[in-house]
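Colleague: Mind having a look at this structure? Questions to follow.
The values are calculated or read from the model by the stated rules, or taken from the named source; none is laboratory data. Bear in mind that the values here come from a model prediction, so they are computed numbers and not experimental data. No Cβ is skipped: glycine too gets one built from the backbone with ideal geometry, and neighbour counts run over all protein chains shown. We work out accessible area using only protein heavy atoms, side chains counted, and drop any ligands, DNA or RNA first. Shrake-Rupley method; radii C 1.70, N 1.55, O 1.52, S 1.80 Å.
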Amino acid sequence: MGRGKFKGKPTGHRHFSTHEEMVAGSSSRPRSFRREEAEEEEEEVESEEESSEEEESDSKRKGTQGLIEIENPNLVKPKNVKAKNVDLEKTTELSRREREEIEKQKAHERYMKLQEQGKTEQAKKDLERLAMIRQQRAEAAKKREEEKAAKEQKKGEARK
């Protein structure tokens, strides 16, 4: 006969309590579950008390830490600082990448200002090109006007 999904183990079979057994209280399930749960709650309260004691003992340094102050560059400092512990007067140092990025942005802004004022080489070249184009367009417009005037003169002479 098939036993379903779970195969029997040599240590014993799976036993499920029926509703009647649970109501009658004759279930084979151990009743120590509530006691274990209460013990866990007591342990949590005790661990909270211990953690507050640990915070006090953190001020005491272990071993030679209290004697020698060493700045470890590889030590990862906690970035999350509580609002009450924030030092407003202390300025944060930027990393090399951040500094370079800011310098790059400032240099670009300075260059764009000079570009607008026409003081850079590229701006001077652009202005020269624009002046040449304007001059060529003015000459072309003048030439068109002269041709137009010449056509009108010919038409006027042809009509007479």
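Colleague: I'm told Ser47 meets every condition in (1) open to solvent by 100 Å² or more (accessible area, probe 1.4 Å); (2) modelled with pLDDT of 65 or more except one. Can you identify the failing condition by its number?
Modeller: In the conditions (1) open to solvent by 100 Å² or more (accessible area, probe 1.4 Å); (2) modelled with pLDDT of 65 or more, Ser47 misses (1) alone.
Colleague: To continue, here is another question. Can you run down the residue pairs with Cβ atoms below 8 Å, 6 or more apart or on separate chains, where the first is in the stretch 121-138 and open to solvent by 80 Å² or more (accessible area, probe 1.4 Å) and the partner is assigned to a helix (DSSP H, G or I)?
Modeller: Close Cβ pairs satisfying both conditions: Gln122/Gln115.
Colleague: Which of the residues belonging to the stretch 85-120 are charged (D, E, K, R), open to solvent by 100 Å² or more (accessible area, probe 1.4 Å) and part of a helix (DSSP H, G or I)?
Modeller: At the first step, the residues of the stretch 85-120 found to be charged (D, E, K, R) are 87, 89-90, 93, 96-101, 103-104, 106, 109-110, 113, 116, 119.
From the residues that got through so far, the ones that are open to solvent by 100 Å² or more (accessible area, probe 1.4 Å) too are 89-90, 93, 96-97, 99, 103-104, 106, 109-110, 113, 116, 119.
Selection gives Arg96, Arg97, Arg99, Glu103, Lys104, Lys106, Glu109, Arg110, Lys113, Glu116.
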